[in-house]
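Asks: A single structure is presented below for examination.
Bear in mind these aren't lab numbers, they're just calculated from the coordinates by the rules spelled out. If you're wondering where the values come from, they're calculated on a predicted model, not measured in any experiment. Cβ: placed from backbone, ideal geometry, glycine included. Neighbour counts: every protein chain shown.
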Amino acid sequence: MRTVRRLLYRDIVWSVVFVAIAFLSLFYFIDFVDELDNIGRNGFTLVHAVISAALEQPGHLYELSPICVLIGTIYAMARLAQSSEYTILRTGGLGPVRALRLLALLGLFFGGVTFLVGDYLSPLSEREAVLLKASFRGGLALGRAGVWLKERRNNGDERAISINVARTAANGELEGIRIFELDTDGRLRTRIEARTGRVGPDSVWQLEAVERTDWPTPEQALTGASVSLKRSASMNWPSSLSASVVAAAVLPVSTMSTAELWRYSAHLGDQEQASQRYEILFWKKALYPFACLVMVALALPFAYLHARAGGISLKVFGGIMLGISFVLLNNVSGHLGMLRDWAPWVAASAPGLLYLVLSLAAFTWLVRFR
């Protein structure tokens, strides 16, 4: 059995690696050509284009890993079936259950690699790619309305606080900061505007070029109190919003790990904000490595197809179509989950469960009736 395991694992791993290199080479070329338009703008050079395109590849590897596993496994198993090697292995005692168990272990290995790439390598490289491009564009644009964050405080006087950040600078500073504090009756009590700011490790915002406006309460206004306006060069504003929460709101979702998605969705839920999108993304990212296990199970039935059922190229083409359909369904299920208000874990796990059932059904039919 050790010899059989070594034979299967060696062929499948090398096939998956070859397919991954082929896909990454294609995507690197596309990304590099796309970056060529930026050469010469604000000091962006050919070297920066090469680096920027390279930083995009871990994200592509994470997204394509299930397809690479499926195509590589189909190619290896179909080649063994075409050369009658798999028939010899079956004659030697490699039963369907044992073959499924061997491929399941290999699928878990690929899932572990996918998890490491998606949770550590890909977020780091995506963050560096975003910061590299922002350094040549003068900062990171956050849309016409910027980014909004919310928090609540209750220090004897409950306040609802809304924070708007217009953009981020090339050095990572927040620009165009506006802070609105409302009391329990929804009246605006304090407005703070700052040109730039940073979030310290202790969640204290260090604001620069600050203008603070305080409105009196109705009771204070009756006694003659007026609106207070203060300007200062700098100001420390304590908050419960940590630097990681602010980064999650400012940077793209692709730069967030599974744990960061969980913390940010929990923060949105605590602040009574819409968190379903990030909950679905969390479950999709948490369950995505298990798609590799589904893919090897989907590839195993190809080993039981006779050579007359089609050549290797036709089977590989079928694997590509299956992989593309899985990715499309995986993306569509998230949007359907938001539209139909499905439970986040249902929307994230539905494509994988569907393809797992299809693979096991095809495997059972081929083994028992063919």
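Asks: Using alpha carbons only, how many degrees (0 to 90, rounded to 10) separate the axis of helix 57-82 from the longest principal axis of the chain?
Replies: Around 10 degrees separate the two axes.
Asks: While we're looking at this one, here's another question. Setting aside same-chain residues fewer than 8 positions from LYS133, which lysines have a Cα under 30 Å from its Cα?
Replies: Those lysines meeting the cut-off are LYS150, LYS284, LYS285.
Asks: When only alpha-carbon atoms are used, what values of Rg and Dmax, in angstrom, describe the stretch 161-216?
Replies: 12.2, 39
Asks: Applying 1/(1 + (r/R0)^6) with R0 = 41 Å to the Cβ-Cβ distance of THR45 and VAL204, what FRET efficiency is obtained, to the nearest 0.05?
Replies: On the way: r = 38 Å, r/R0 = 0.93.
Taking R0 as 41 Å, the efficiency between THR45 and VAL204 is 0.60.
Asks: How far apart, in nanometres, would the label points at SER84 and HIS335 be if each is projected 7 angstrom from Cα along the Cα-to-Cβ direction?
Replies: 5.0
Asks: Dividing the alpha-carbon Rg of the stretch 85-174 by 2.2 N^0.38 Å yields what? Show your work: numbers first, answer last.
Replies: On the way: Rg = 25.8 Å, N = 90, 2.2 N^0.38 = 12.2 Å.
Relative to the 2.2 N^0.38 Å estimate, the stretch 85-174 comes out at 2.12.
Asks: Right, something else. Over the chain, what is the mean sequence separation of C-alpha contacts under 8 Å (at least six apart), divided by residue count, expressed as relative contact order in percent? Show your work: numbers first, answer last.
Replies: Details: 544 pairs, mean separation 66.3, N = 370.
Relative contact order comes out at 18 percent.
Asks: Here is a follow-up. State, to one decimal in nm, how far the label point of VAL227 lies from the label point of TRP365, with both points 7 Å from Cα in the Cβ direction.
Replies: Label at VAL227, label at TRP365, 7.2 nm between them.
Asks: Can you compute the helix-only [θ] at 222 nm over the chain? Use -39500 (n - 2.57) per DSSP H run of at least 4 residues, normalise by all residues, nearest 500 deg cm²/dmol. Display every interim value, and only then the final one.
Replies: Working: 13 runs with 216 residues, N = 370.
Rounded to the nearest 500, the figure is -19500 deg cm²/dmol.
Asks: Need one number: nm distance between label points at ARG144 and ALA343, each 7 Å from Cα along Cα→Cβ, rounded to one decimal.
Replies: The modelled label-to-label distance comes out at 3.9 nm.
Asks: Calculate the translational D of the stretch 1-139 in whole µm² s⁻¹ from Stokes-Einstein, where the hydrodynamic radius comes from the Kirkwood formula applied to all Cα pairs, the temperature is 20 °C and the viscosity 1.002 mPa s. Don't jump to the answer; show the numbers that get you there.
Replies: Numbers: Rh = 17.3 Å.
Taking Rh from Cα pairs, D becomes 124 µm²/s.
Asks: Which of these, PRO201, PRO58, PRO344, has the largest mean-square fluctuation under a Gaussian network model of the chain (Cα springs below 10 Å)?
Replies: PRO201
Asks: Moving on. Out of residues 5 or more away from ARG189 or on other chains, whose amide H comes under 5 Å of its own, with H placed 1.01 Å from N in the peptide plane?
Replies: GLU181, LEU182, ASP183
Asks: Given the options MET77, MET295, MET235, which has the most mean-square fluctuation in a GNM of the chain, springs set between C-alpha atoms less than 10 angstrom apart?
Replies: MET235
Asks: Considering the alpha-carbon set of the chain alone, what are its Rg and its Dmax in angstrom?
Replies: 27.0, 97
Asks: While we're here: To the nearest 0.05, how large is the calculated FRET efficiency for VAL97 and TRP14 if R₀ is 30 Å and r is the Cβ-Cβ distance? Don't jump to the answer; show the numbers that get you there.
Replies: Numbers: r = 25 Å, r/R0 = 0.85.
Calculated value: 0.75.
Asks: Would you mind checking the tilt of helix 96-116 against the longest principal axis of the Cα atoms of the chain, expressed as 0 to 90 degrees and rounded to 10?
Replies: Value to nearest ten degrees: 30.
Asks: Considering Cα pairs under 8 angstrom that are at least six residues apart, work out the relative contact order of the stretch 217-370 and quote it in whole percent. Before the final figure, lay out each step's value.
Replies: On the way: 91 pairs, mean separation 38.0, N = 154.
Across the stretch 217-370, relative contact order equals 25 percent.
Asks: Next question. Taking only Cα atoms and a 10 Å spring cutoff, compute GNM fluctuations for the chain and point out the largest among LEU314, LEU24, LEU281.
Replies: LEU314
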